Amino acid sequence: MKSLKVLACAACLVGTISGVGFAKDVQTIAGSMVVPNNVTVISASKTNTRDFVEKQLNEAPTKSSMANMMAKEFFQNFGTTFDVYQLQGADKTGQKDAFVVAVDVKQIAQRVAKDKASDPMFVAAMAALDKGQIDPVTEQLMLGAINKQIPTTTTVVPLNDPKRYANLKTRSGELLIKPRTLTVENAEQVHPVAGTKYQTYAASSRLLYADGNLQTPLYANAAFVLKPGKPVLYVGVTTDVQRDYFKTIFDNAFKSIK
């Protein structure tokens with residue numbers, strides 16, 4: 001009788017655990033990714049974002065009709081070629097928020113570099129993206145070239161040239177356009193990720209965006225997922241104070257894409 005009670009309790013425990021769940025699948029443009037069960041993910045393409053942007057473009061078009069047309073065409077592929085996901089979680093310190101941008105690299109490259117469609121290097125790159133696989137030799141060459149560009153020490157990158165706007169000042173004499181910089185700190189080298197369905201490369205960094213005296217500490221975590229025919233770049237961004245909370249979530253989500 002005692003053994004039956006033990007089995008019954010065990011069955012109840014298993015059922016409870018299965019019902020609560022520790023993780024869940026979330027659909028993205030390259031397939032599903034896994035996030036903790038207590039993290040809510042909202043896809044911008046499933047909201048009224050597209051309608052809002054198209055309305056703004058119609059009511060206040062840019063001076064360039066070409067730019068306006070390209071923007072409209074771009075948003076026609078919202079949810080397939082690119083998407084934005086809002087992640088919301090919480091711990092004992094309060095609510096946590098982050099965003100993940102997903103971009104189909106092949107589709108964007110083909111749209112942006114139409115004039116290079118017949119270039120042998122471009123053709124070879126597109127073929128590799130179609131295959132979804134990079135051979136070891138090319139991988140080492142690629143990683144070596146990319147990682148040479150990644151700062152190994154704290155580096156301040158200027159985003160504009162204030163000298164060009166030195167004559168644009170307010171009545172009080174302040175610069176109308178302030179210097180904008182991006183400080184890169186603790187940048188991680190791009191590296192292959194093991195245990196993934198698709199060949200995947202990842203990197204992360206702490207960032208400090210400064211616009212004049214306004215400073216915003218950020219954390220970015222990126223992964224390039226080489227799904228055959230649909231290679232997608234994922235970039236997760238949150239504030240630096242939430243870095244410890246989201247780092248593992250980003251890492252595991254990008255690694256789980258299938």
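The values are calculated or read from the model by the stated rules, or taken from the named source; none is laboratory data. Every value quoted in this text rests on a predicted model; they were computed, and no experiment measured them. Positions of Cβ are generated from backbone atoms using ideal geometry, with glycine treated the same way; all protein chains shown enter the neighbour counts. Keep in mind that these areas ignore ligands, DNA and RNA; they rest on the heavy atoms of the full protein, side chains included. Shrake-Rupley method; radii C 1.70, N 1.55, O 1.52, S 1.80 Å.
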Please go through the stretch 99-124 and pick out each residue that is open to solvent by less than 90 Å² (accessible area, probe 1.4 Å), more than 25 Å from GLN76 (Cβ to Cβ) and either assigned to a helix (DSSP H, G or I) or touching a Phe, Trp or Tyr at 6+ places or on another chain (Cβ under 6 Å) (or both).
VAL123, ALA124
All positions within the stretch 157-169 that are more than 19 Å from VAL237 (Cα to Cα) and either in a loop (DSSP other than H, G, I, E, B) or not aromatic (Phe, Trp, Tyr) (or both):
PRO158, ASN160, ASP161, PRO162, LYS163, ARG164, ALA166, ASN167, LEU168, LYS169
Could you list, ordered by first residue, the pairs with Cβ atoms under 9 Å in which the first is in the stretch 154-181 and free of Cβ contacts under 8 Å to residues at least 12 places away in the same chain and the second is assigned to a loop (DSSP other than H, G, I, E, B) and open to solvent by 90 Å² or more (accessible area, probe 1.4 Å), at least 6 apart or interchain?
LEU168/LEU176; LYS169/LEU176; THR170/LEU176
Identify, by number, the condition in (1) over 19 Å from VAL41 (Cα atoms); (2) of a type in the set (Phe, Trp, Tyr); (3) open to solvent by less than 40 Å² (accessible area, probe 1.4 Å) that PHE250 doesn't meet.
(1)
Exactly one of these conditions fails for ILE146: (1) more than 20 Å from ASP240 (Cα to Cα); (2) more than 17 Å from the chain's Cα centre (by Cα); (3) surrounded by 16 or more Cβ atoms within 10 Å (Cβ to Cβ); (4) touching a residue at least 24 places away in the same chain (Cβ under 8 Å). Give me its number.
(3)
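Determine whether the stretch 9-25 contains at least one residue that is hydrophobic (A, V, I, L, M, F, W, C), outside any loop (DSSP other than H, G, I, E, B) and at pLDDT 90 or above. Before the answer, list the steps.
Keep residues of the stretch 9-25 that are hydrophobic (A, V, I, L, M, F, W, C), which gives 9-14, 17, 20, 22-23.
Filter once more, keeping what is outside any loop (DSSP other than H, G, I, E, B): 9-14, 17, 20, 23.
Those left that are additionally at pLDDT 90 or above: none.
Looking through the stretch 9-25, none of the residues is hydrophobic (A, V, I, L, M, F, W, C), outside any loop (DSSP other than H, G, I, E, B) and at pLDDT 90 or above.
Taking only the stretch 78-98 into account, find how many residues are open to solvent by less than 40 Å² (accessible area, probe 1.4 Å), in contact (Cβ under 8 Å) with a residue 12 or more places away in the chain and part of a strand (DSSP E or B). Step through it out loud before you land on a result.
Step one: of the stretch 78-98, the residues open to solvent by less than 40 Å² (accessible area, probe 1.4 Å) are 78-79, 81-83, 85, 87, 89, 94, 96, 98.
Okay, now just the ones that are also in contact (Cβ under 8 Å) with a residue 12 or more places away in the chain, so 78-79, 81-83, 85, 87, 89, 96, 98.
Filter again for part of a strand (DSSP E or B), leaving 78, 82-83, 85, 87, 89, 96, 98.
Final tally of qualifying residues: 8.
The rows are residues; the columns are (1) crowded, with 19+ Cβ neighbours inside 10 Å; (2) farther than 30 Å from MET126 by Cα; (3) in contact with a Ser or Thr (Cβ under 6 Å, 6 or more places away or on another chain); (4) touching a residue at least 12 places away in the same chain (Cβ under 8 Å).
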residue: TYR201; (1), (2), (3), (4): yes, no, no, yes
residue: SER205; (1), (2), (3), (4): no, no, no, yes
residue: LEU208; (1), (2), (3), (4): no, yes, yes, yes
residue: LEU226; (1), (2), (3), (4): yes, no, no, yes
residue: THR238; (1), (2), (3), (4): yes, yes, no, yes
residue: ILE257; (1), (2), (3), (4): yes, no, no, yes
